[in-house]
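The values are calculated or read from the model by the stated rules, or taken from the named source; none is laboratory data. Source: prediction; values computed, not measured. Positions of Cβ are generated from backbone atoms using ideal geometry, with glycine treated the same way; all protein chains shown enter the neighbour counts.
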Amino acid sequence: MSKPGRQAEENVGTRQLIPIGGGKGGVGKTFVTANVATVLARQGLRVVVVDADLEGANLHTLLGVQDPPCSLADFVAQREDDLQKLTVETQIPNLSLIAATHAHIATPQPSQARRVQLLRGLRKLPADVVLMDLGAGIHPPVMDYFMVADHGLLVISPEPTSIENAYSFLRAAFYRRLRLAMASLDVRKLVSSAMDQRGDKNLQTPFDLLREVQAMDPESGARFVQTVRSFRPRLLMNDVQTAEDIRLGFSIRSVCKKYFGIDVEYLGYVNREREARDSVRSRVPLVDFAPESQGAAYLRRVASRLIEPEKK
Ligand SMILES: Nc1ncnc2c1ncn2[C@@H]1O[C@H](COP(=O)(O)OP(=O)(O)O)[C@@H](O)[C@H]1O
Ligand SMILES: [Mg+2]
């Protein structure tokens, strides 16, 4: 049993639910999740990490949990409704895991209704922080999980393929969020047609769309602006080797502002760490495996920024 954290007496569920995505596979989402979670748990926060990558479960391995007896797959298959019962302890005090092992090969993903229940259940967990490690791609489950917070974390690496996928990811998140926020069916239809990149030539950018929405219904236009403002994803550049790699984060930030009108916060970067691979092979998070390494120092900085009070 983990010791009671700051919030135990209040018993009102988790304070922060943070999805960690990034569009592309292999950029370090799971590595970052495992390490950030370890840092926060070592600080005494009660942390639950959820492996939402049902088609590529890895988080248990990075945390040294060999064969979790239960997992999110039991929730998906409706064998268990209580997420608390699906958590397993890790070797790190205060850090527990909902693994994603043993998913049904034919139907790994939860239905939309089940996803809503999942997110609701995660919010009720008695934890200070819940981190969700997302799979690659931009399919609806990933987008729904990312949308659960205004300030999800996007992990990218300084390669054109990763950057390309990050833009697709942000684009998908942006339009999906807008569509969900629009009450009028006609406006929703308009947003849907803007989601088709080969569609209406007059709806190529978010600004075109805003103009159309305002013309159709000023109230929806105001909500549009509000929805865009409240969406403030954060960016982590992983695996950096040069100053140019680091600067790339700022460029992405400017492009997002210019093209989508959204404020992306550049949370920081993590170097390409020589000891990272060995830490993965040893199944011990880098921050414990090589606490003196530069990578561990960057990851500790990222962890503290990640749970800073939300900026307005
Ligand atoms: N900053 C880093 N420095 C060196 N190697 C890294 C770094 N981040 C990740 N890796 C390596 O990349 C591998 C893939 O990362 P992973 O977190 O599994 O990617 P994802 O979850 O995005 O698919 C890790 O197992 C690790 O060996
Ligand atoms: Mg992963």
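Somewhere in the stretch 263-275, is a residue assigned to a helix (DSSP H, G or I) and either modelled with pLDDT under 95 or surrounded by fewer than 15 Cβ atoms within 10 Å (Cβ to Cβ) (or both)?
Scanning the stretch 263-275, I find no residue that is assigned to a helix (DSSP H, G or I) and either modelled with pLDDT under 95 or surrounded by fewer than 15 Cβ atoms within 10 Å (Cβ to Cβ) (or both), so the answer is no.
Check Ser184, Ser192, Ser168 and return the single one that is in contact (Cβ under 8 Å) with a residue 40 or more places away in the chain, surrounded by fewer than 16 Cβ atoms within 10 Å (Cβ to Cβ) and not acidic (Asp, Glu).
Ser168
Scan the stretch 167-185 and give yes if some residue there is within 16 Å of ligand 2 (Cβ to nearest atom) and assigned to a helix (DSSP H, G or I), otherwise no.
yes
Tell me, please, whether a residue that is within 16 Å of ligand 1 (Cβ to nearest atom), modelled with pLDDT of 90 or more and not aliphatic (A, V, I, L, M) can be found in the stretch 111-134. Break it down into steps so the answer makes sense when it comes.
Just the residues of the stretch 111-134 that are within 16 Å of ligand 1 (Cβ to nearest atom), to begin with: 131-134.
Filter once more, keeping what is modelled with pLDDT of 90 or more: 131-134.
Keeping just the survivors that are not aliphatic (A, V, I, L, M) gives 133.
Among the residues of the stretch 111-134, at least one is within 16 Å of ligand 1 (Cβ to nearest atom), modelled with pLDDT of 90 or more and not aliphatic (A, V, I, L, M), which makes the answer yes.
I'm trying to understand the selection: among the residues of the stretch 118-134, which are surrounded by fewer than 23 Cβ atoms within 10 Å (Cβ to Cβ) and in a loop (DSSP other than H, G, I, E, B)?
Scanning the stretch 118-134 gives Lys124, Leu125, Pro126, Asp128.
For the stretch 208-256, how many residues are more than 30 Å from Leu286 (Cβ to Cβ), free of Cβ contacts under 8 Å to residues at least 60 places away in the same chain and assigned to a helix (DSSP H, G or I)?
Of the residues in the stretch 208-256, 22 are more than 30 Å from Leu286 (Cβ to Cβ), free of Cβ contacts under 8 Å to residues at least 60 places away in the same chain and assigned to a helix (DSSP H, G or I).
For residues that are part of a strand (DSSP E or B) and either within 16 Å of ligand 1 (Cβ to nearest atom) or not assigned by TED's automatic domain parsing to the domain that holds Gly121 (or both), scanning just the stretch 34-56, find the one that is surrounded by the fewest Cβ atoms within 10 Å (Cβ to Cβ).
Ranking the candidates gives Val50 first.
Which residue, of Val36, Val88, is at pLDDT 95 or above and under 19 Å from the mean Cα position of the chain (by Cα)? Break it down into steps so the answer makes sense when it comes.
On the way: Val88 fails: under 19 Å from the mean Cα position of the chain (by Cα).
None of the other options fit; the residue is Val36.
Given the conditions (1) touching a Leu at 6+ places or on another chain (Cβ under 9 Å); (2) within 26 Å of Leu119 (Cα to Cα), which single one is not true for Ser168?
So the condition that Ser168 fails would be (1).
Among the numbered criteria (1) surrounded by 15 or more Cβ atoms within 10 Å (Cβ to Cβ); (2) more than 16 Å from ligand 1 (Cβ to nearest atom); (3) in contact (Cβ under 8 Å) with a residue 40 or more places away in the chain, which one does Leu86 miss?
With respect to (1) surrounded by 15 or more Cβ atoms within 10 Å (Cβ to Cβ); (2) more than 16 Å from ligand 1 (Cβ to nearest atom); (3) in contact (Cβ under 8 Å) with a residue 40 or more places away in the chain, Leu86 is out only on (3).
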